[in-house]
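One structure is given below, encoded as structure tokens.
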Amino acid sequence: MLKIKSNEFLDLNRFGQFFFIFQMFFMLFAGLSGWLLVAIEIVLVVIFYFVSRIISSNYGADFWVNQQNQWICKQGQNQHDVSVKDYWITRGYLFIWLKGSTKSVSIMLSRSIIGAQRYSQLLVLIKKTYESK
């Protein structure tokens, strides 16, 4: 069993959260008229709220994967079955989209954080899944 603890990955929704914060500040200085600016800011705040709820719902999640490539998301006493929907690798970072019937999360893993051996084991398990499809 390979375990990925909550402090070893980054929820990709955090990037979205930072993007919306940037957009909120950018719109303030964009020189838009009053009502249009207020409308855009309200939309961005609502989207930011929903992204923040998704992030908080994934707080404390640990991911387990076994040799048969069965993924489990554990949050406290709750357990969700998930599977790899898609993945991509960029400069030593592994991006994984895990989707289940009740849970969907996109995470980023770094070789330097989880270790080269665990990173390689994870890549082998993920690639084995895609070869069998």
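General remarks:
- Angle in degrees between helix 13-28 and the longest Cα principal axis of the chain, rounded to the nearest 10: 10
- In Å², nearest 10: area of Leu12 left accessible to a 1.4 Å probe: 30
- Per-residue SASA entry for Thr90, accessible area with 1.4 Å probe, Å² rounded to 10: 60
- Taking amide H as placed 1.01 Å from N in the peptide plane, the amide H of Val82 sits under 5 Å from that of Trp71, Ile72, Cys73, each at least 5 places away or on another chain.
- Cα-based helix-to-principal-axis angle, 34-57 vs the chain, degrees rounded to 10: 20
- Structural descriptor for the chain: relative contact order 25 percent, calculated from alpha carbon pairs under 8 angstrom and at least 6 residues apart.
- Dipole-positive endmost among Tyr119, Gly76, Gly100 within the chain (Cβ charges, Cα centre): Tyr119
- Computed in the context of the full set of protein chains, the accessible area of the range 1-130 at 1.4 Å probe radius has 61% of its extent on carbon or sulfur.
- Vicinal HN-Hα couplings computed from phi for the range 109-117 (Karplus, 6.51 cos²θ - 1.76 cosθ + 1.60; Hz; Gly/Pro x): 10, 10, 4, 5, 8, 8, x, 5, 5
- For the range 55-130: rounded, prolate or oblate by the Cα gyration tensor [a/c cutoff 1.5]: prolate
The values are calculated or read from the model by the stated rules, or taken from the named source; none is laboratory data. Everything numeric in this text was worked out from a predicted model, so none of it was measured. Because the Cβ atoms are built from the backbone with ideal geometry, glycine has one as well, and the counts that use them run over all protein chains shown. Just so you know, the surface numbers come from the protein's heavy atoms only, side chains and all, with ligands and any DNA or RNA stripped out. Shrake-Rupley method; radii C 1.70, N 1.55, O 1.52, S 1.80 Å.
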